[in-house]
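Working notes for the structure below.
The values are calculated or read from the model by the stated rules, or taken from the named source; none is laboratory data. All values reported here derive from a predicted model rather than from experimental measurement. Ideal geometry is used to build each Cβ from the backbone, glycine not excepted, and the neighbour counts take in all protein chains shown. All accessible areas refer to the heavy atoms of the entire protein, side chains included, with ligands and DNA or RNA removed. Shrake-Rupley method; radii C 1.70, N 1.55, O 1.52, S 1.80 Å.
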There are 2 protein chains.
Amino acid sequence: MRLKYDPQGLIPAVVQDAATREVLMVAWMNDAALQLTRDTGEAHFWSRSRSRLWHKGATSGNIQKVHQIRVDCDQDTLLLLVEPAGPACHTGERTCFYRPLGDHFAR
Amino acid sequence: MRLKYDPQGLIPAVVQDAATREVLMVAWMNDAALQLTRDTGEAHFWSRSRSRLWHKGATSGNIQKVHQIRVDCDQDTLLLLVEPAGPACHTGERTCFYRPLGDHFAR
């Protein structure tokens, strides 16, 4: 199955808790991050802000054990079902989506 | 809360079934799509392939009633909790993520 990477060689990955079904985060993968994820069974991403491979939890300890990787119909997005060792968010929240979008937002 | 749109003025939106917690699809929104979604309570996106606003379900009838919109920690991704009127995927599958990524994939 051929994945469709964007012009930067990246594909978005939605990370979902395999047990609670909570959506934890969205990050980006390049080919190397996907390969490392498959080889190690732990989520790896490409950090766009730091321009480098990122082993999720390498410093925080909050690794994500990957149970399954799914792909969408047009093969340009991945879904990782994971078992997280701790909070997904750098703020300490369990999920990065901890806030509802308020009534006021930039248009 | 100021959202971070990408250079094309888009922000990715993960769509999750509010009841089953299944991840249904990922699509893109621009400011107008988000505004329409909030104004109508039904999911609207920006179709990158057709370069136009896209009222999900306008032709198929499979609209998505939006229960809540959540935003991630760095404000560059949205999560829509929806009540879908039918399959999210154009293939007729309930979710676009109907396939596990096989062992063989383009590297």
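The rotation axis that maps chain A onto chain B passes nearest to the beta carbon of this chain A residue, listed with its distance in whole angstrom: A:ARG21, 2. Label point of A:GLU22 set 7 angstrom out along Cα-Cβ; within the stretch A:58-74, amide nitrogens under 16 Å from it belong to A:62-65. A label point on B:THR91, set 7 Å along the Cα-to-Cβ line, lies at 3.5 nm from each of its counterparts in the other copies, closest listed first.
Based on alpha carbons, the Rg and Dmax found for the stretch B:18-107 are 13.9, 44 Å.
Compute the Kirkwood hydrodynamic radius of the protein assembly as shown, taking the inverse of the mean of 1/r over all pairs of distinct Cα atoms, and give it in Å to one decimal. Hydrodynamic radius (Kirkwood, Cα pairs) of the protein assembly as shown is 17.4 Å.
With θ taken as phi - 60° and the Karplus curve 6.51 cos²θ - 1.76 cosθ + 1.60 applied, the whole-hertz 3J(HN,Hα) list for the stretch A:87-97 is x, 7, 8, 5, 7, x, 6, 5, 10, 5, 8 Hz, x standing for glycine and proline. Pop the C-beta distance of A:SER51 and A:THR91 into the FRET formula with R0 = 22 Å and round what comes out to the nearest 0.05. The calculated FRET efficiency here is 0.45. Sorted from closest to farthest, the other copies place their A:ALA58 label points 4.5 nm away, with each point set 7 Å from Cα along Cα→Cβ. If amide hydrogens are placed 1.01 Å from N in the peptide plane, which non-local residues have theirs closer than 5 Å to the one on A:LEU3? Amide H neighbours of A:LEU3: B:ALA106.
When the P(r) of the stretch B:1-47 is calculated, the portion above 11 Å amounts to 68% of the C-alpha pairs.
For chain B, adding -39500 (n - 2.57) for each run of n ≥ 4 DSSP H residues and dividing by the number of residues yields -2500 deg cm²/dmol at 222 nm. List, by residue number, every residue in the stretch A:57-98 with a reduction of 50 Å² or greater in accessible area between the chain on its own and the complete protein assembly, 1.4 Å probe. With the partner chains in place, the stretch A:57-98 has these residues losing at least 50 Å²: A:ARG70, A:VAL71, A:CYS73, A:PHE97.
Heavy-atom accessible area buried between chains A and B is around 3800 Å² (1.4 Å probe, both sides summed). Spatially, the stretch A:1-68 and the stretch B:1-39 are offset by 20 Å when compared through their Cα centroids. Put a plus charge on the Cβ of each Lys and Arg, a minus charge on the Cβ of each Asp and Glu, and nothing anywhere else: the dipole of chain A about its Cα centre is then about 200 debye.
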